[in-house]
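The values are calculated or read from the model by the stated rules, or taken from the named source; none is laboratory data. Please read these numbers as outputs of a predicted model, since none were measured by experiment. FYI the Cβ positions are ideal-geometry reconstructions off the backbone, even for glycines, and counts take in every protein chain you see.
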Amino acid sequence: MTIPLKRALRSKGIRLVSLFVLYAFDWVWRKDKDLIVFTGLEGRWYTDNSRYLFERFVKDHSDRYRTIWVTRNEELIEEMNARPGYEGRFVHQYSAQGIAALLSAKVVINCFWTYDLPLLFSRRTTTVQLWHGIPIKAIGLQEKRLAGTGKKFIYQIWMESQYTYWVASSETDKRTTMLCIGLPDDRVIVTGYPRNDTLVRQKDGPDGKASLKMPCLSKTTILYAPTWRENAVVRIFPFDDIDMTELDALLEEFDAHLLLRGHYVDDVLGRNGEIDYGNLGSERVHLANRDLFEDVQELLPHVDVLISDYSGIWVDYLLLERPIIFIPYDLEDYTRQTGLMYDYDEITPGPKVKGFSELTDALRAYLSEPSKDREERMRVKSMFHKYDDGRACERLYEFISKRT
């Protein structure tokens, strides 16, 4: 019966009807206050905040809670259920077992959107949205596409009905989240992100696990990780004066390696050849996308200098207190089309380079003197991170345990 049910719920029409049918069931279904259900990005990925909090609950709180991860990734289910300590914890979200778990759980935790799941939640279910990045760009109610439309009203009703609590990393982030999502003050909680606990613990040096996948991480490492563009394809090294021979010589001088990592949306474009990652013939330039490092948190502790733009990755990276270079080559277009929640110059604690020579100058300066611009990085870090103690998972456990 499980297989036909999965197939049926893959049909968009049947899924739409099932959303409301299961919503009605959620009002009357018996809730288990000791059951917590987790899910990940798009209902497929075992990454991000959900993963780190889930693993902490499995490791430290199995005596208090039963934890289940629902996913539509069948390979993940097989792999994880074979791992000691995780047997039976991973179930298909479109199976009878997965739907029963979602209906029974007193608490459901995710880090993307509830529409990745096969049901809508009633107020009897406590939903905790961990999200997947401190919002620098406009999201939700602040998105340009919602401006001047009745969609904002519908969107806010949806948010208030489907999310009991939303996690933020600081008071500044909380105020921005409230503007974007529309939840009231008492439903946006400042705990920090679970995924950043591991960054804080590795501030003084990585644990070395990622270097088993890519041995060059034991050397000086530079990561270039731009975000995706909704209305354009991201450009890697968008400079007219680019000279890969010169870049290679700089990397050789500092015995450094450059990693290129696209947003998960851009991974697909990259595989299709729509994104030009430049000359990868160099032995010191490498791709580090999701097929190798599914979760970027594995990678960040090894990174000595980060290059980015509007991505939330650099906000997490502030916790490591290391140099950041920005390449906002399309700032005007991005601001007009997508929108930013802050003054870009005010929140970016590093050089904004406009040409290849400026990039190499900035790299040389930071590789020679990593403490350069440290005070500015600390100022912005304090804006976006209330906590720097690696205890976000503990704070969330305490918060949830008081409400179940």
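Listing for the model above:
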read-out: Qualifying residue in region 187-203 (condition: of a type outside the set (S, T, N, Q), outside the structural domain of residue 46 (by TED's automatic domain parsing) and part of a loop (DSSP other than H, G, I, E, B)); value: yes
read-out: Residue 336 being more than 20 Å from the chain's Cα centre (by Cα), assigned by TED's automatic domain parsing to the domain that holds residue 225, surrounded by fewer than 15 Cβ atoms within 10 Å (Cβ to Cβ) and within 24 Å of residue 230 (Cα to Cα); value: yes
read-out: Residue match in region 48-69 (condition: modelled with pLDDT under 95, closer than 30 Å to residue 340 by Cβ and surrounded by 22 or more Cβ atoms within 10 Å (Cβ to Cβ)); value: yes
read-out: Any hit, region 161-173, residues being more than 19 Å from the chain's Cα centre (by Cα), assigned to a helix (DSSP H, G or I), more than 26 Å from residue 343 (Cα to Cα) and not assigned by TED's automatic domain parsing to the domain that holds residue 231; value: yes
read-out: Region 82-107, residues that are part of a helix (DSSP H, G or I) and without any contact (Cβ under 8 Å) to a residue 24 or more places away in the chain; value: 100
read-out: Residue 328 being at pLDDT 95 or above, touching a strand residue (DSSP E or B) at 6+ places or on another chain (Cβ under 8 Å) and either among the aliphatic types (A, V, I, L, M) or under 22 Å from residue 139 (Cβ atoms) (or both); value: yes
read-out: Any pair with Cβ under 6 angstrom, 6 or more apart, that starts in region 216-227 at a residue that is closer than 17 Å to residue 252 by Cβ and ends at one that is among the β-branched types (Val, Ile, Thr); value: 221/303; 222/305
read-out: Candidates 251, 217 - the one that is crowded, with 22+ Cβ neighbours inside 10 Å, aliphatic (A, V, I, L, M) and assigned to a helix (DSSP H, G or I); value: 217
read-out: Filtered residues of region 374-389 (kept if over 23 Å from residue 176 (Cα atoms) and crowded, with 17+ Cβ neighbours inside 10 Å); value: none
